[in-house]
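Here the structure comes first, spelled out in structure tokens, and everything after it is commentary.
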Amino acid sequence: MPIPAGAPIVVSVNGLVKSFGPHRVLNGVSFDVRRGEVVVVLGPSGSGKSTMLRCVNFLETFEGGTITVDGAPVGYRSDGQGRRRMLDEKMVAENRERVGMVFQSFNLFSHRTVLQNVMMGPVSVQHRDKSEVRKQALELLEKVGMAEKADQYPARLSGGQQQRVAIARALAMRPAVMLFDEATSALDPELVGEVLRVMRELATEGMTMVVVTHEMSFAREVADRVIFMDGGAIVEQGVPHEIMANPQTERFRSFLGTDRPDRGARIA
Amino acid sequence: MDWSQFGSFAARYLPQLWNGMLVTIAVAALAAPTAVAIGVVLTVPRVAGWRLLSGFVRAYIEVMRNTPLLVQMYLLFFGLPILGIFWDEITCGVLAVSLQHAAFLSELIRSGIAAVSPKQWEAGQAIGMRRWAVFRQIILPQAAIKVMAPVSNQLIVLVKDTSLVSAIGVLDLTLSGKVIIERSGASFEVFILVAALYLILTSVIGAGFRISEARFTRRLG
Amino acid sequence: MSISVLLANLPYLFQGAVVTLWLAFIVVTAGTLLGAIVGTIASGGGRILRAIVTAYVFIFRGIPVLVVMFLGFYTFPALGIRLSAYAAVTISMIVYVGAFVTEAVRGAIAAVPAGQVAAAKSLGMRRLTMLREVVLPQAARLAIAPILNISLMAIKQTSYASVVGAWELSFAAREIVERTLAAFQIFLGVMMIYFLICYPISLLANFCERKLSFDH
């Protein structure tokens with residue numbers, strides 16, 4: 001399923017620079033994501049891939065570079081004299097509506113039921129009609145296989161179930177792009193498959209996705225493009241069956257070689 | 001009041017208040033160790049698992065927790081003479097404060113001991129130590145670290161609660177303030193001084209506790 | 001020594017208990033409201049606001065409530081505000097309890113997991129929406145047990161109002177003792193009345209502490 005080169009750009013990251021104190025974690029990262037494209041970001045822990053993803057949603061501030069989602073600047077704008085100004089809270093929030101995010105630790109709202117979790121964004125942020133949202137939420141829960149748990153509280157669900165609800169919650173906002181931040185890393189091995197299945201289905205339906213993961217088979221089979229990051233920079237990128245079969249750099253080769261073959265072989 | 005003269009105002013009343021402060025410090029210095037000692041004694045039956053005594057201790061703690069210190073103090077000061085026991089106001093005040101805070105302290109100490117993982121008991125017994133040896137050498141030091149902060153907080157509450165001895169006529173910092181206002185017609189700012197002195201007292205004691213906590217934890221941790 | 005003197009004076013003591021309950025109700029309700037508002041504002045506010053709130057909490061937690069009562073009792077008239085001892089004590093206690101509740105609410109808000117906030121932000125929630133939909137409902141759960149314990153403290157402290165001259169249960173008890181000299185029976189009886197008021201709240205606080213620690 002090749003993405004036509006003319007497809008509009010949804011996410012554009014340009015020269016992204018980010019430090020935690022004296023430690024620089026992102027050192028000029030640039031890439032574009034086109035509509036319908038599935039980009040999988042690989043890299044050892046500490047390579048900056050999760051931080052990069054959080055920057056796209058402005059959950060992290062950054063010192064240099066620009067990010068746009070659907071053409072709108074994320075986090076900062078230029079004031080015309082070349083200086084960066086942080087966007088006001090309203091614009092930051094509006095940007096985030098266009099971006100769906102799935103976290104490693106699910107982060108379902110523990111005081112709300114499954115259905116209320118999925119409805120919360122559309123109702124309290126987008127002020128959409130409640131009965132219409134409810135219908136959409138139930139459809140989404142059906143899609144992720146969680147409809148029968150609609151009235152349960154998150155604490156009663158397994159990690160895999162919680163993560164599927166979290167995906168439905170993000171989708172309910174009708175985002176332009178979905179970000180997955182190590183969505184299966186906190187799960188027990190036997191629960192990883194059910195979450196990857198949902199993600200795979202989304203990809204087939206043409207959802208634009210940026211996926212940070214350790215699941216090699218998911219990268220190999222689902223990604224349109226794989227980005228390999230190390231030391232806060234993009235080291236290699238390309239079509240998975242090319243670059244994963246034939247890595248151009250020693251770092252990617254050793255990463256592929258050592259990254260736990262048991263995990264790579266898992267059925268996605 | 002003209003605030004520019006607060007300095008000379010303070011200079012005028014501070015000596016009298018200082019005497020009251022010394023009484024407050026004395027009452028606290030007597031009550032705190034007494035409360036800790038009684039609190040430790042109250043904890044023994046519950047940790048040792050003596051059923052009947054634990055029941056009495058728990059009843060005692062509930063009564064102390066759920067009734068006001070002031071009424072307990074009145075009971076001691078005004079009630080005991082009826083039973084033929086005559087104690088002066090300082091003794092009654094110190095005793096009332098100690099008895100009440102012993103209950104809270106015992107509860108804190110017990111939960112501190114309970115918070116040490118049961119695996120520590122097993123580990124101690126696994127290397128052949130007797131129960132008492134395990135308790136003294138393994139459980140107690142760990143529990144001590146856990147209870148230091150809550151016990152310090154409780155003792156600061158104790159210092160504040162000594163102000164109630166003024167109600168039975170002990171001329172402490174609080175009563176000194178009241179006496180100055182009512183006998184020498186001084187204005188309400190006297191009580192700002194009283195409040196400030198209490199604040200200094202509790203913060204100095206709090207800081208002292210934090211420093212010794214840090215040292216203690218470093219030595220044992 | 002007989003308890004007939006206690007029984008004979010029970011109606012009067014109950015009148016005092018009603019005043020105590022009212023005083024406690026007003027102080028706990030208003031103090032909780034004050035602390036909830038101040039604690040919430042401080043959690044989202046700027047540096048100066050936070051410093052002011054920290055000072056408020058530090059000062060009132062550092063001095064005895066009895067001194068705060070005297071402060072209120074002597075200060076209001078000096079400022080030209082004529083208040084009854086009862087009103088002065090009520091206001092003083094509300095401010096005092098408010099400081100404790102502020103600290104509890106601040107702690108509860110700080111204890112809401114960072115992931116919940118990140119999730120709320122990623123749904124595009126703005127600060128007020130996030131506070132209303134996510135942070136406060138979760139913080140409320142965490143704050144219930146501490147606030148119940150503060151309420152317990154406040155109920156017992158209403159007895160100190162008698163020292164400043166406000167009539168309530170303890171004051172009534174002293175009046176009876178002065179008349180009958182039956183200090184032992186009367187004060188023991190009064191302790192029982194306080195116990196009946198406080199114990200249910202004590203049980204509720206314990207229950208909440210246990211229940212909330214299991215769920216989260």
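The values are calculated or read from the model by the stated rules, or taken from the named source; none is laboratory data. Predicted model only: the values in this text are computed from it and were never measured. Note that each Cβ is placed from the backbone with ideal geometry, even for glycine, and that neighbours are counted across all protein chains shown.
Taking (1) at pLDDT 95 or above; (2) within 14 Å of chain B (Cβ to nearest Cβ); (3) crowded, with 21+ Cβ neighbours inside 10 Å; (4) more than 14 Å from the chain's Cα centre (by Cα) in turn, residue C:38 satisfies each apart from (2). Condition check for residue B:42 on (1) buried (at least 21 other Cβ atoms within 10 Å of the Cβ); (2) closer than 21 Å to residue B:158 by Cβ; (3) within 14 Å of chain C (Cβ to nearest Cβ): one failure, at (3). Read through the list (1) within 30 Å of residue B:71 (Cβ to Cβ); (2) within 11 Å of chain C (Cβ to nearest Cβ); (3) without any contact (Cβ under 8 Å) to a residue 12 or more places away in the chain, then give the number of the only condition that residue B:183 fails. Failed condition: (2). Return yes when residue A:166 is within 12 Å of chain C (Cβ to nearest Cβ), at pLDDT 95 or above and touching a Gly at 6+ places or on another chain (Cβ under 9 Å) and no when it is not. Spelling it out, it is not the case that residue A:166 is within 12 Å of chain C (Cβ to nearest Cβ), at pLDDT 95 or above and touching a Gly at 6+ places or on another chain (Cβ under 9 Å).
Residues in the range A:138-163 that are touching a Ser or Thr at 6+ places or on another chain (Cβ under 8 Å) and farther than 15 Å from residue A:103 by Cβ were compared, and the one that is nearest to the other protein chains (Cβ to nearest Cβ) is A:155.
Determine, yes or no, whether residue B:125 is farther than 30 Å from residue C:162 by Cα and either more than 10 Å from every other protein chain (Cβ to nearest Cβ) or surrounded by fewer than 14 Cβ atoms within 10 Å (Cβ to Cβ) (or both). Let's see the steps before the verdict.
Values: farther than 30 Å from residue C:162 by Cα: yes; either more than 10 Å from every other protein chain (Cβ to nearest Cβ) or surrounded by fewer than 14 Cβ atoms within 10 Å (Cβ to Cβ) (or both): yes.
Judged against the criteria, residue B:125 is a match.
Would you check if residue C:207 is surrounded by fewer than 23 Cβ atoms within 10 Å (Cβ to Cβ), at the interface with another protein chain (Cβ under 9 Å from one of its Cβ atoms) and on the phi < 0 side of the Ramachandran plot? Judged against the criteria, residue C:207 is not a match. Taken together, the residues in the range A:116-137 that are buried (at least 20 other Cβ atoms within 10 Å of the Cβ) and at the interface with chain C (Cβ under 7 Å from one of its Cβ atoms) amount to 3. If you go through the range A:58-115 and keep only what is among the polar types (S, T, N, Q) and more than 12 Å from chain C (Cβ to nearest Cβ), you end up with A:61, A:66, A:68, A:78, A:81, A:113.
Here the helices (runs of 4 or more DSSP H) wholly within the range B:119-192 that include at least 1 residues being among the polar types (S, T, N, Q) and more than 24 Å from the chain's Cα centre (by Cα) are B:173-184. Residues that are touching a residue at least 24 places away in the same chain (Cβ under 8 Å) and more than 27 Å from residue C:142 (Cα to Cα): list the helices (runs of 4 or more DSSP H) wholly contained in the range A:99-172 that include at least 2 such residues. Correct list: A:130-143, A:159-171.
The residues of the range B:54-92 include none that are assigned to a loop (DSSP other than H, G, I, E, B), facing chain C (nearest Cβ under 8 Å) and exposed (fewer than 14 other Cβ atoms within 10 Å of the Cβ).
Here is a yes/no grid of residues against (1) in contact (Cβ under 8 Å) with a residue 24 or more places away in the chain; (2) under 18 Å from residue A:199 (Cβ atoms):
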{"position": "A:9", "(1), (2)": "yes, no"}
{"position": "A:12", "(1), (2)": "yes, no"}
{"position": "A:19", "(1), (2)": "yes, no"}
{"position": "A:27", "(1), (2)": "yes, no"}
{"position": "A:32", "(1), (2)": "no, no"}
{"position": "A:39", "(1), (2)": "yes, yes"}
{"position": "A:45", "(1), (2)": "no, no"}
{"position": "A:51", "(1), (2)": "yes, no"}
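Are any of the residues in the range C:132-139 more than 22 Å from the chain's Cα centre (by Cα) and acidic (Asp, Glu)? Taking every residue of the range C:132-139 in turn, at least one turns out to be more than 22 Å from the chain's Cα centre (by Cα) and acidic (Asp, Glu).
Let's see how each residue does on (1) more than 11 Å from every other protein chain (Cβ to nearest Cβ); (2) assigned to a helix (DSSP H, G or I); (3) over 25 Å from residue A:168 (Cβ atoms):
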{"residue": "C:74", "(1), (2), (3)": "no, yes, yes"}
{"residue": "C:77", "(1), (2), (3)": "no, yes, yes"}
{"residue": "C:95", "(1), (2), (3)": "yes, yes, yes"}
{"residue": "C:99", "(1), (2), (3)": "yes, yes, yes"}
{"residue": "C:105", "(1), (2), (3)": "yes, yes, yes"}
{"residue": "C:119", "(1), (2), (3)": "no, yes, no"}
{"residue": "C:130", "(1), (2), (3)": "no, yes, no"}
{"residue": "C:144", "(1), (2), (3)": "yes, yes, yes"}
{"residue": "C:147", "(1), (2), (3)": "yes, yes, yes"}
